[in-house]
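For reference, the structure discussed in these notes is given below.
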Amino acid sequence: MTRANVSSQSNEQRTDSKLKRFGIRAWRYISSPARIKQLIVSAAMYILLIGLAFVFIYPFLYMFVTSLKSNSDLGNYAVQWIPSSLKFENYSIVTNVKLLNYWKYAKNTLIVTVLSTFGHIMAGSFVGYGFARFRFPFKKILFGLVMLAFIVPTTTLIVPLYITYSRLAWLDTYLPLIVPTIFGFGLNGALYIFLFRQFYLTLPKDLENAALIDGCSFFKTYWKIVFPLAQSTLVVAMVLSVVWHWNDAYEPGIYVRLTNLQFLPPRIRTIVSMANAPSEDMFDLMQQLGLDDGEDTLNNAVVMAGATLISAPVLVFFAFAQKKFIQGIERSGITGE
Amino acid sequence: MADNKTVKRRRKRLTMATKEKLKGLLFVSPFIVGCCAFFLYPIILSFLLSFGDVTNIIGFQIELYGLDNYSNAFFQDTEFMPKFYEVVGNTFIEFPLKLIAALIIAIMVNKDIKGKSLFRIAFFIPFLLGSGEVMNQLLNQGVDRQVLSVADGKIIPYNVLMYFGGNIMETVSTIFGKIVTVLWGSGVQILLFLSGLQSISPALYEAARIDGATEWEIFWKVTIPMISPMLLLNFVYTIVDGFTNMQNPLLAYIQQKGFKEAKFGFGAAMGWIYFLFIGVLVAIVFAIMKKYMHTNEAEEVKKRRDKSKRIFTIERTKNRF
């Protein structure tokens, strides 16, 4: 009996003191200067991040919210972020009434984007590897040419380029947009060569040497070892190329004039001009579809709906692509670097 | 027959150096082909044009007459030089702002924070909307000025604003608009920095921490040297982009003169002055960065040097660690 009592008492005491000790330890942990500093730092970082994120996300928010506004909301300055009613009709207007012709133009843009991105990645990693690893005659001059191609904007070379492509009978096809990418030209093509060169410069040579000693041919070494190692750079190059090609309107607008082959981004101008001054057949079309004509249907909200639809594929693409950014991939498998 | 054999033997006996040359040329061959097909003709034509003008548009025949176009651009044209200064000034202001903001954001987004992917998507949204038509449309509606609008009294209270008066408010909101556009334009830089940061092995950080380095030291002694190749790329990209993006007033002017008013020669000459200037800037950046760039080649050279001096450098290495 007594024994049991004593033991239970001591147990209580023990738990009590345990609690106390835990409390003291917890308090010490929370109130330790290092911990407080860490808390303050992380809080400051999140505040900074959220503030900056707001600045960056603003154009999208503006675009998306405006695209859901009704005409009365558009004119009302009190309604900035939360529309009184969500008008999803704007989206059906912009796709239906021959304004955007979304799927057709999206398909055209997609074809060019995918093919030229492929070309840029292949050319960039291949040529960049050559510049990073080997010594050969005229290397400096050739790299100077890469930099020159990077510096000189296409806008200043457009006339001779146009002449070249018209001689090749490539106008009104997608060839002038796709073929140069395979050779490291095209939209910012030289940047990809430069990007991959910079990456390969940081890559240790040891793996390639090991492959060489094992009897791997140099081309196989490139394809089986170097190319896969460049994965993080590949993702970056892919993101850049896809986004730039999707949004590009300058060169396509000059080489490709047939309406059938047009691309998505320039359509926004058509929508804007229609919203500002609807043409006659526009009114006819609207009446046929039973929509009110005038400002109630065609307004800034419709323009923004079009803009949202145009940029949506890129946003979705990036949401998937950014998962490939993983910190500190052990890329070489070599210890003691 | 005998000749053939000797030829074959000779081919087999290529030295390592020749092999390397051939391999290198093979790897850059797509670029050489592309140069001949799509780049050399336009660039040479434009270079020649800058010393003359087109006499017959249909055949694109060129007559050369010397440096007139260049002297025109420098001394007679009233708009070229002021626009040139404006663009140079803008780029030099934007350059450090963009890069520092991009580096800070890239480092934060690279950390293991909560909602990492959401933040990443957020920071790339202006880049994803692009410098293209959609963004132009948004800018036409004044989105850049709305973000940090001073006029609505959220950032600076009304009383203070009243005190300043309209003029200063206008300037402040213009400055805020500029900052916002600079931030929005830093998407590519963030992306390039991020890819550089990701190629740093975590083992390096671990080693530095074990050796008792503070975060600040780690940043300067590990992060910056390891991303130095990306830093060079980013410097060059930011310079080139600052000078050649579509919104650039000077390029618009060159285009207007060169194509809309059909003064091909004059346009080309202005273009070449411009390229030369950018080229010199890029060359300077290359020359400066070459010293500090941390690459495998530089490392090898250093190792070789250290090996040859090993006997004498024991003391120094001890001090270094």
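The values are calculated or read from the model by the stated rules, or taken from the named source; none is laboratory data. Given the structure is predicted, the values throughout are model-derived calculations rather than measurements. In this analysis, Cβ positions are derived from the backbone assuming ideal geometry, glycine residues included, and neighbour counts consider all displayed protein chains. Just the protein is used for accessible areas: all its heavy atoms, side chains included, with ligands, DNA and RNA removed. Shrake-Rupley method; radii C 1.70, N 1.55, O 1.52, S 1.80 Å.
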In nm, to one decimal, how far is the B:Thr174 label point from the B:Tyr292 one, both placed 7 Å along Cα→Cβ? 3.3 nm
First select every other residue whose beta carbon is under 13 angstrom from the beta carbon of B:Phe264; then total the charges, Lys and Arg +1, Asp and Glu -1. 0
Stretched fully, the stretch from A:Thr173 through A:Lys205 gains (0.36 nm per residue minus C-alpha distance, one decimal, in nm) 7.3 nm
Which entries in A:Lys140/A:Lys205; A:Lys323/B:Lys21; A:Lys37/B:Lys302; A:Lys107/B:Lys257; B:Lys178/B:Lys260 show an alpha-carbon gap greater than 32 Å? A:Lys323/B:Lys21; A:Lys37/B:Lys302; A:Lys107/B:Lys257
Please list B:Leu103, B:Leu192 from largest to smallest accessible area, probe radius 1.4 Å, with all protein chains kept in place. B:Leu103, B:Leu192
Quick query: amide H of B:Ile62 versus all other amide H atoms, modeled in the peptide plane; which residues come in under 5 Å with a sequence gap of 5 or more or a different chain? B:Thr55
Given H placed 1.01 Å from N in the peptide plane, which residues other than close sequence neighbours of B:Gly52 have an amide H under 5 Å from its amide H? B:Tyr65
Projected label distance in nm at B:Ala207 and B:Ile284, using a 7 Å step from Cα toward the beta-carbon: 3.6 nm
Provide A:Cys216, B:Cys36 ordered by accessible surface of protein heavy atoms (probe 1.4 Å), highest first. B:Cys36, A:Cys216
Spin-label model distance (nm) - A:Cys216 vs A:Lys323, 7 Å beyond Cα toward Cβ: 2.9 nm
Report ³J(HN,Hα) in whole Hz for each residue of the stretch B:238-252, in order, from the Karplus equation J = 6.51 cos²θ - 1.76 cosθ + 1.60 where θ = phi - 60°; Gly and Pro get x. 5, 4, 4, 5, x, 8, 10, 6, 5, 7, 5, x, 5, 4, 4
Enumerate by residue number the chymotrypsin sites (Phe, Trp or Tyr not before Pro) in the stretch B:257-288 meeting two conditions: DSSP loop (anything except H, G, I, E, B), and at most 13 other Cβ atoms within 10 Å of the site's Cβ. none
Through the Karplus equation 6.51 cos²θ - 1.76 cosθ + 1.60, θ set to phi - 60°, convert the phi angles of the stretch A:240-249 into ³J(HN,Hα) values in whole Hz; use x for Gly and Pro. 4, 5, 4, 5, 5, 5, 5, 8, 5, 10
Do any residues of the stretch A:159-207 show a loss of at least 40 square angstrom of accessible area between the isolated chain and the full protein assembly, using a 1.4 Å probe, and if so which? A:Val159, A:Pro160, A:Ile163, A:Thr164, A:Phe183, A:Phe185, A:Phe194, A:Leu195, A:Gln198, A:Leu201, A:Thr202, A:Lys205
